[in-house]
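For reference, the structure discussed in these notes is given below.
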Amino acid sequence: MRGLRAQIFLLSVLWCFVPLQVGAADIQVTAALEPATFGQDQAARFVLTVTGSGGAVKPDMPVVQGLLFTYQGQSSQTSWINGTTSSSLSYNFSVQAEKTGKYTVPPVKVTVQGKEYTTEPVQCTVLPAQNSGTQAGGSAAGTGTAGSGKDVAKSIGFMQVTPETERMYSGQVVPFTLKAYFRPDKQITLKSIPRLSREDFLLQSLDKEPYQQKERLDGTLYNSLTWQGTLSAVKEGSFPLTVEMDAEVVVHSRSRFQGSPFGSSFLNDPFFSDILGNSFRRDIKIISQEQEIKVLDLPTENRPDGFSGAIGTFALTVDASPLDGKVGDPITVKMQLQGRGNFSLIQAPVVTQKQGWKIYPTSGTVKELGKGKAAKLFEQALVPTEQGLSAVPPMQFSYFDPQAQKYVTLTSDPIPLNLQVSANEPAFQPQKNQVPAEQRNQQEDKKDGSQANLPALEPPHLAPLQPELGKLVPYIQPLYQKLWFQGMIILALFCLLLALILFYKQRRLIRDPSILRRKEVQRRLNEHYEGMKRAIAVQDQELFHQHCRTAIQQRAGEVWGLAPEAVTLADVEQRLPVAAPLRRVFTSLEQSGYAGEQLTQAELEEIFQTTRSELDTLS
């Protein structure tokens, strides 16, 4: 009875393992892309599934122009259905597209238990991104452009430029406010400062750092950035004013973790998107809406003679010191122009009365006061040359007022002056080439007696001979005779020779790709030799056969000009003589693989030595 039970138990165990072996022999490799249609701002999932075996090698994805494959790991699954065991191994890749269109993923080669399997090609369609805006009134620029329309404001953000006036004069400096709005759920990184899109205007000034705050427009909350600046027009006419700025937006894919059995997956949160690679960055260009600006030329009617191009509104203050000096003492006059205008083009006020004064050039510095206002301070030195002067003359400055649309001339009040006269000195009367009487008499006496006082000139003589040795100068060794200089020259020549050798070696490799192929084949042979040694050490005959057979295919494929996997027993028998040891080895490998013949460690070692020596001499 016990014997019968033992037989039944043994038959049951064998019955369980038979389907497992049959299922393992049926190996299938498939490829799938989910979803087959996705947006440019989304990521799809490409899965390679190996059914029937778990001994697959991670495949290398083919290069597809426009698609980016990122390896996400592997997963395995084992099932038992009606006494039949099946197992599968999946390799997961995320797919992102650089541009829209239809793509075809070519067949992928997967190696399973030393045998190569090929999948079917997979097609997919990439639609335009849903998170990228379009330029106002035009198409997207670069990889993505956000304009100022309502459709873009709902997706990423927009920008507004508000000049103080839409009617300006050529050369006038106009303040403006620039505001950029971004959705709080978007991760935006600014890559440039705002700039004018056209060359019709010049950006005079702009805040280095914008003012940041949260604003609500039409019921929508935005993160806003505000810049204050000034601009000026170059020429007369009507021109559109637009401002642009480069930025980078982080786009999160919404398709990778769809289909969760518990509803919306928490992995779709942006925090996990950054960790799991479920996002990518895209460059965008934010462009403000065009605003028409009319530029007028300055009128020529009633233009003052002292007008130098100043446009704006200004106030003039003048101060002078010291006011109680003497004739010839310099007086420093400080003039300040304060207001709003083109201070970079402003010249100093002019002196209205120049008689009796020596006038020196002016120097000016500009101080920004904020909100488009500034002040320019001029300093000028005036020297009185006459005793009868009673006041510092008025200063005059002319400018054009764009609000009143007329020219304005500012004139300062004269500043009282009290010139003192020294009791020991007469009034200062500068005369040219004035010489004292005593000095003139001395000069005349010298002139009269010049001929009598001249010494007699001696005839020139040759330099006398030096009977004694003078001071010796140390010998200066030339640079080329110094050892350190010679060493540097030798080192430089050696480096040049080494560079030439490397250059010609690289050039040879480029011209003869077979050299690189031979090196690659030798590298693979060495790897198979090491694998054969490990197989001999652990008595793994199947692993030894695999490495030995692949090594023969690699070497024979290189010599015979065939693909390594295409080398078969028929090729070996056709190209090698009957007595060739390599032919016997390859034949024995084929026979032992099918017949299951077990070889001893000594026989494996002999096959290894024979294979290695024959492959090294195969030609």
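Restricting segment 344-389 to residues that are within 19 Å of GLN172 (Cα to Cα), of a type in the set (Gly, Ala, Ser) and at pLDDT below 85, the residue that is surrounded by the fewest Cβ atoms within 10 Å (Cβ to Cβ) is GLY370.
This table checks each residue for (1) aliphatic (A, V, I, L, M); (2) open to solvent by less than 100 Å² (accessible area, probe 1.4 Å); (3) outside the structural domain of GLY55 (by TED's automatic domain parsing).
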{"site": "GLU468", "(1), (2), (3)": "no, no, yes"}
{"site": "GLN477", "(1), (2), (3)": "no, yes, yes"}
{"site": "ILE490", "(1), (2), (3)": "yes, no, yes"}
{"site": "CYS495", "(1), (2), (3)": "no, yes, yes"}
{"site": "PHE503", "(1), (2), (3)": "no, no, yes"}
{"site": "ARG524", "(1), (2), (3)": "no, yes, yes"}
{"site": "TYR529", "(1), (2), (3)": "no, yes, yes"}
{"site": "ARG534", "(1), (2), (3)": "no, no, yes"}
{"site": "LEU543", "(1), (2), (3)": "yes, yes, yes"}
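Inspection of segment 587-601 identifies at least one residue that is open to solvent by less than 60 Å² (accessible area, probe 1.4 Å), at pLDDT below 80 and among the charged types (D, E, K, R). Please tell me if ASP413 is more than 52 Å from the chain's Cα centre (by Cα), open to solvent by 90 Å² or more (accessible area, probe 1.4 Å) and modelled with pLDDT of 70 or more. Here the answer is yes, as ASP413 does meet what is asked. If the requirement is being in a loop (DSSP other than H, G, I, E, B) and not assigned by TED's automatic domain parsing to the domain that holds GLN172, which of these qualifies: LYS354, LYS358, LYS376, LYS367? Only one candidate passes the filter, namely LYS354.
When the strands (runs of 3 or more DSSP E) confined to segment 170-215 are screened for residues that are open to solvent by 50 Å² or more (accessible area, probe 1.4 Å), those reaching at least 1 such residues are found at 187-190, 201-206. Scanning segment 234-247 for residues that are open to solvent by 10 Å² or more (accessible area, probe 1.4 Å) and not in a loop (DSSP other than H, G, I, E, B) turns up GLY237, SER238, PHE239, PRO240, GLU244, ASP246.
The values are calculated or read from the model by the stated rules, or taken from the named source; none is laboratory data. Please read all numbers here as calculations on a predicted model, not as lab measurements. Ideal geometry is used to build each Cβ from the backbone, glycine not excepted, and the neighbour counts take in all protein chains shown. Side chains included, ligands, DNA and RNA excluded: accessible areas come from the protein's heavy atoms. Shrake-Rupley method; radii C 1.70, N 1.55, O 1.52, S 1.80 Å.
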